[in-house]
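Written out below as structure tokens is the structure these notes cover.
Where a number appears in this text, it was derived from the coordinates with a stated rule and is not lab data. Please read these numbers as outputs of a predicted model, since none were measured by experiment. Don't worry about glycine lacking a Cβ; one is built from the backbone with ideal geometry, like all the others, and counts go over all protein chains shown.
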Amino acid sequence: MGLLNRKSTGVRGDKIEKEVAIVNRLGMHARPAAMFVRVASRFRCEVWVEKEGERINGKSIMGLMMLAAGQGSKLIICCEGPDADKAIEEIELLIAGKFNED
């Protein structure tokens, strides 16, 4: 899980992208997707998730489940807005913590 060296500051706030790997055994099924959205929705920034060129809104449970991100999948998380740094940090901790599953 590393920073993709894409951090910029603009009028709308920070934009941060990180690549993360899904490490929980069952991948991004309904419960982890709901947990992800619950965390992402606490922040004012926009949250986008990309897998193999498909980009979805990180505040959409259906969008996250449609990515079909199984164990080992690589996702690019992009947060843009005033609290992007805090949002990406909490999302990364949630994923690294295996969505409290394992």
> Given only helices, namely DSSP H runs of n ≥ 4 each adding -39500 (n - 2.57), what is the per-residue ellipticity at 222 nm of the chain, to the nearest 500 deg cm²/dmol?
Replying inline: -8500 deg cm²/dmol
> Ordered by residue, what ³J(HN,Hα) values in Hz, to whole numbers, does region 43-54 give under the Karplus form 6.51 cos²θ - 1.76 cosθ + 1.60, where θ = phi - 60° and Gly and Pro are x?
Replying inline: 10, 7, 5, 7, 10, 10, 10, 10, 9, 6, x, 8
> Hey, of (1) 15.0, 55; (2) 12.4, 41; (3) 13.8, 40, which did the structure itself give for Rg and Dmax of the Cα atoms in Å when calculated?
Replying inline: (2)
>> Treating only the Cβ of Lys, Arg, Asp and Glu as charged (+1, +1, -1, -1), what charge dipole size does the chain show about its Cα centre? Round to the nearest 20 debye.
In response: 160 debye
